[in-house]
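Accompanying notes for the structure given below.
The values are calculated or read from the model by the stated rules, or taken from the named source; none is laboratory data. All figures in this text were calculated on a predicted structure; none of them were measured in a lab. When we count neighbours, we look across all protein chains shown, and the Cβ atoms used for this are built from the backbone with ideal geometry, even at glycine.
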Amino acid sequence: MQVRKIIRSISALSVFLLYSLQQVAAQGPTSIPTGEPEPVPITLPNILIFIVAPVLLFIFYIWWLKKKRKEREEELQNKREENKENQESR
């Protein structure tokens, strides 16, 4: 169920970003020469910025979601135990 929510949010974000990029590209000036696009050179700072940082952010996000889910489950379990104790004491 959580996977479906994540996929749904990623899909919605992707559609939004594609639409936004289309709008930005449509507003590019045509009177200014642009030149040839060049690939990003493979240097250590570029590898760290464009490859390592996004991977680390993704891993941190997944870890944070799991931690948040575990805390929520523990909280629910504690509430259930408290409710059960209150029911038994009555």
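Determine whether residue 49 is among the β-branched types (Val, Ile, Thr), part of a helix (DSSP H, G or I) and modelled with pLDDT under 95.
Working: among the β-branched types (Val, Ile, Thr): yes; part of a helix (DSSP H, G or I): yes; modelled with pLDDT under 95: yes.
Against the criterion (among the β-branched types (Val, Ile, Thr), part of a helix (DSSP H, G or I) and modelled with pLDDT under 95), residue 49 qualifies.
Yes or no: region 22-35 includes at least one residue that is in a helix (DSSP H, G or I), modelled with pLDDT under 85 and polar (S, T, N, Q). Steps first, please.
Of region 22-35, the ones in a helix (DSSP H, G or I) are 22-26.
So of that shortlist, the ones also modelled with pLDDT under 85 come out as 22-26.
Now drop any that are not polar (S, T, N, Q), which leaves 22-23.
Yes, the conditions are met somewhere in region 22-35.
Here are some conditions: (1) surrounded by fewer than 10 Cβ atoms within 10 Å (Cβ to Cβ); (2) modelled with pLDDT under 85; (3) not polar (S, T, N, Q). Residue 42 meets all but one. Which one does it not meet?
(2)
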